[in-house]
1. Filter the range 67-98 down to the residues that are charged (D, E, K, R) and under 22 Å from the mean Cα position of the chain (by Cα), then identify the one that is nearest to the ligand (Cβ to nearest atom).
2. Among (1) more than 16 Å from the ligand (Cβ to nearest atom); (2) under 20 Å from the mean Cα position of the chain (by Cα); (3) among the acidic types (Asp, Glu), there is one condition GLU132 misses while meeting the rest; what is its number?
3. What are the residues in the range 112-123 that are touching a residue at least 40 places away in the same chain (Cβ under 8 Å) and away from the ligand (no atom under 15 Å from the Cβ), if any?
4. Is it the case that some residue within the range 141-157 is closer than 28 Å to GLN219 by Cα, more than 11 Å from the ligand (Cβ to nearest atom) and touching a Pro at 6+ places or on another chain (Cβ under 9 Å)?
5. How many residues does the range 169-205 hold that are within 30 Å of LEU154 (Cβ to Cβ), out of contact with any Phe, Trp or Tyr (no Cβ under 9 Å at 6 or more places or on another chain) and surrounded by 11 or more Cβ atoms within 10 Å (Cβ to Cβ)?
Amino acid sequence: MRIDIITGLPGIVTGPLDQSILHRAAKKGLVDIRVHDLRDFAVGKHRQIDDYPYGGGAGMVFRPEPLFDCIEAIQAEVGADAIDEVIFLTPDGQVFDQPMANALSMHRHVVLIAGHYKGIDQRVRDVLVTKEVSIGDFVLSGGELPALILVDALVRLIPGVLNDAQSALTDSFQDHRLDAPCYTRPASYRGMDVPAVLLSGNHAKVQQWRDEQRQQKTQQRRPDLLER
Ligand code: ADE
């Protein structure tokens, strides 16, 4: 899978990509993540990437030229047909969830645009963007952290990225149930004991306990998930 991230603030996204699971996935060649600095496509003698909104109002808006030039450069490299989705991260997009992560993780190439929260010129959205995604009903100062959240959620679903092939499947939300509690050593800590069933070695019993815990927790915290 290839993921291109287009941003005016590359420093925000590069750090997390160099850590842990994302870093390992890239090193193993399971994902190819490229970060593009919009400044490289800035316009005019002032090297601008954003400008005041026509009609007035607060905040700056990304100009269309740097985004068109950057995306066209990626298209020229891989072929326009090779890009499955051009996703703009925006609070007015479709709310991201596990089914969307599952679907997007099947793609070979996605391009993510991280913009100012005030937005990007509408013509980019009309012509280049194929999907608009929000990570929740709150407003962040930019699309960089939302883009990283998408990357993390997608990459961990790529076969071979997680060591235990099962573990992504039993995550909270994968079957509309929250995850069960988990414990590690020591078996007894400050008078708190790990549930005996987990030490029993009886896999069927452990499975049954986990299913019950997941059901109970979901009922208490997220009954809306059970209705889906
Ligand atoms: N940019 C700013 N806020 C956002 C949000 N909630 N989701 C996606 N992109 C955003």
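1. In this case the residue turns out to be ASP92.
2. Unmet for GLU132, out of (1) more than 16 Å from the ligand (Cβ to nearest atom); (2) under 20 Å from the mean Cα position of the chain (by Cα); (3) among the acidic types (Asp, Glu): (1).
3. The answer is ASP121, ARG123.
4. Yes, the range 141-157 contains at least one residue that is closer than 28 Å to GLN219 by Cα, more than 11 Å from the ligand (Cβ to nearest atom) and touching a Pro at 6+ places or on another chain (Cβ under 9 Å).
5. Total satisfying the criteria: 12.
Each reported figure results from applying straightforward, stated rules to the coordinates on display, with no laboratory input. Please read all numbers here as calculations on a predicted model, not as lab measurements. Using ideal geometry, Cβ is built from the backbone for each residue, glycine included, and neighbour counts are taken over all protein chains shown.
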